[in-house]
Structure formats: C-alpha cells, structure tokens
Amino acid sequence: MDNTLDNWAKMVPELIVTDISRSLSFWCDLIGFTVSYDRPEEKFAYLNLQGAQIMLEQFNEHDRDWETAPLEAPFGRGINFQIEVPDIQLIIERLNQVNWPLFIPIEERWYVADEVELGQLQFLVKDPDGYLLRLIEDLGERPKSTM
C-alpha cells in the first residue's frame, strides 16, 4: 500500500465495479496504479499513478443507493478517462502478456490548442467492467499546422 499521497486531486472519480479483486489486478498490475489506501471490508480502494487518482468500490446492492440507473455492462458509457503515463509501451507490453485487447491501438495524435498542437502517443483499453481508459504519453507541442 502506498499511503504517502502528498497531493490529493481536486476531482477523483469513483467507479462502481463488479469484482474489486479483478479490477485491482487490472488497474494495478497491468496499468501501474498503486493502492494509496483501501477498506477491504467495504471492498473499496483509492488508487494513484503519479498524481492520477481514482477510487474503486465493488457494487453492493445493500449499500447506499448512489446508482442513478441500473448498472449494465459496459459501465461508464459515454466517458473515457485520460491518464498520462511516463512509458506507454511498458503498459502495452503488460497488456499483451495477458492477451488483454486494446479498444484502439497505439497511435500518435496531435490536438489543436489555440496556436499550438499538443502531441501524444495514445491507446484506449477497457477495464474489466467496460470503463474506457485513454492512456497517453506526452510528445510535447509544436506550432499549429496550417493544413
């Protein structure tokens, strides 16, 4: 457990999952997050990856009723979580070792932001419950293309 989290993010999504053990294996072993703290009796974990923070909690129909609609797979439809990582290739290698499918394979993308373009290597992958993660490695910026 990595409970040395110095900077708490101002916004931290909490994802409802169907199996906390399976989700922790994906998020920690494959993606590279560490557990900052957990409450095993509540099947809850607070994760961190170099400042990217997320909470996971296993669904319990007898717990508080925070679900706004029935939970149906894939969870998180309409959202993807962009997470900046230092070495995107290392994560792809870990996913390949367990034959975890990529939703969108690795690609180089440049996004316009005012007068510059911001570059990143990126790929998308679904977690065990279908939440979509967009893992990126920063490529810096360049002048905006005129094409």
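The values are calculated or read from the model by the stated rules, or taken from the named source; none is laboratory data. Note that the structure is predicted; figures quoted are calculated from it, not measured. Reconstructed Cβ throughout: ideal geometry from the backbone, glycine too, with neighbour counts over all protein chains shown. Heavy atoms of the whole protein, side chains included, go into the accessibility calculation; ligands, DNA and RNA do not. Shrake-Rupley method; radii C 1.70, N 1.55, O 1.52, S 1.80 Å.
Laid out as a table, the results:
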{"read-out": "FRET efficiency, D29 to A69 (Cβ-Cβ, R0 22 Å, nearest 0.05)", "value": "0.10"}
{"read-out": "Cα-based convex hull volume of segment 84-147 per residue, rounded to whole Å³", "value": "91 Å³"}
{"read-out": "With all protein chains modelled, accessible area of F59 [1.4 Å, Å²]", "value": "80 Å²"}
{"read-out": "Radius of gyration, Dmax [the chain; alpha carbons; angstrom]", "value": "16.8, 57"}
{"read-out": "With Cα atoms, 0 to 90° folded angle of helix 88-97 axis to the chain main axis", "value": "50 degrees"}
{"read-out": "Accessible area in square angstrom per residue, the chain, 1.4 angstrom probe", "value": "63 Å²"}
{"read-out": "Ranked order, Y37, Y46 - accessible area, probe 1.4 Å, largest first", "value": "Y37, Y46"}
{"read-out": "Phi to ³J(HN,Hα) by Karplus 6.51 cos²θ - 1.76 cosθ + 1.60 over segment 101-118, Hz, x for Gly, Pro", "value": "x, 8, 6, 9, x, 4, 8, 9, 10, 10, 10, 6, 9, 6, 9, 10, 10, 9"}
{"read-out": "Ellipticity estimate at 222 nm from DSSP helix runs (n ≥ 4, -39,500 (n - 2.57)) divided over the chain, nearest 500", "value": "-2500 deg cm²/dmol"}
{"read-out": "Carbon plus sulfur fraction of accessible area for the chain, probe 1.4 Å, in percent", "value": "50 percent"}
